[in-house]
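The values are calculated or read from the model by the stated rules, or taken from the named source; none is laboratory data. Since the model is a prediction, treat every value here as computed from it, not as a measurement. Here Cβ is always computed from backbone atoms with ideal geometry, including for glycine, and neighbour counts include all displayed protein chains. Remember, those area values only see protein heavy atoms, side chains included, never the ligands or the DNA or RNA. Shrake-Rupley method; radii C 1.70, N 1.55, O 1.52, S 1.80 Å.
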Amino acid sequence: TAKLDPETNEWILNGEKIFVTAGKECEAVVVWASLDRSRGRAAIKSFVVEKTRPGITMTKLEDKLGIRASDTASIVLEDCRIPFDNILGSSEIQEKKGGFRGVMATFDATRPSVAAGAVGVARAALEFTKEKLEEEGFTFPYDCGVHKLSAVQKEILDMEAELDAARLLVWKAGSMLDSKQRNSLEASSAKAKAGRAASIICQKCVALLGPLGCSCDWLVEKWMRDVKINDLFEGTGQINMLIVARNILQFGRDKLR
């Protein structure tokens, strides 16, 4: 929550956020807070809070499965005072132009990049796996029927198809963002597809490589751990699928939850 102190013209922020990316190393955070909970989403505004402000505290540092090079922290705000100008945008609450729209627009911009990261990790795992299998005598023909392929060959070609589908969705979402077109459907489509496909591809690569796939001697096990986050942050795969369905069917929150 955010409340304006009229005497000092400062915002007083209270609340907690878990799983803050770079929460330890960052110098400032952007906080989404409500000016008036009774006004719903329209009252949500964005604020810049420097880490040096009294009242902002990092309470926990996560020990994570993957992306361990990136710190993830919990941050608590207790009567944290910031200058009035630290609000991003207007302090006026407008029902039809609420701050929540800006929050969601942020995701339209960040989801394609998260999806692109998933595609990159999956590509690294798949190319490495193909290289190791080719060293053992496997080939991967593209000019014969599925019935002529071995189980391993079919697995690799299926993964390549999934990766290409994810990559094309990412390119489309990114292209629309660059040209300033609304890309809510495309951004969520790319994020949902790439996050899920990349997780499955990396898991299959570990399985195809056998014991060495699980060994820390190769990077495949790390890629499998790291890529899972792409199916979780910036909106889970399930949430993004819900957004895709709402956009295609033109349903609101009241009709499709």
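The sole residue among 157, 168 that is of a type in the set (A, V, I, L, M, F, W, C), more than 27 Å from residue 248 (Cβ to Cβ) and part of a helix (DSSP H, G or I) is 157.
Out of 60, 51, which single residue is open to solvent by less than 70 Å² (accessible area, probe 1.4 Å) and either closer than 30 Å to residue 224 by Cα or free of Cβ contacts under 8 Å to residues at least 60 places away in the same chain (or both)?
On the way: 60 fails: open to solvent by less than 70 Å² (accessible area, probe 1.4 Å).
None of the others qualify; the one that does is 51.
Consider the stretch 108-157 and keep the residues that are crowded, with 16+ Cβ neighbours inside 10 Å and of a type in the set (Lys, Arg). The one that is nearest to the chain's Cα centre (by Cα) is 111. Cβ-Cβ below 8 Å, separation at least six or inter-chain, first residue in the stretch 125-146 and over 26 Å from residue 199 (Cβ atoms), second outside any helix (DSSP H, G or I) and not hydroxyl-bearing (Ser, Thr, Tyr): which pairs? These pairs meet every condition: 141/149.
Among helices (runs of 4 or more DSSP H) entirely within the stretch 191-257, having at least 2 residues that are under 30 Å from residue 136 (Cβ atoms) and of a type in the set (Val, Ile, Thr) singles out 220-227. Residue 43 satisfies every condition listed in (1) farther than 17 Å from residue 89 by Cα; (2) in contact with a strand residue (DSSP E or B) (Cβ under 7 Å, 6 or more places away or on another chain); (3) modelled with pLDDT under 95 except (1). Restricting attention to the stretch 93-128 and to residues that are farther than 18 Å from residue 228 by Cα and polar (S, T, N, Q), the residue that is modelled with the lowest pLDDT turns out to be 94.
Scanning the stretch 58-83 for residues that are outside any strand (DSSP E or B) and not acidic (Asp, Glu) yields 64, 65, 66, 67, 68, 69, 70.
Pairing residues of the stretch 178-205 that are of a type in the set (Ser, Thr, Tyr) with residues that are open to solvent by less than 10 Å² (accessible area, probe 1.4 Å), at Cβ distances under 6 Å and at least 6 apart in sequence or on separate chains, gives 188/240; 199/227.
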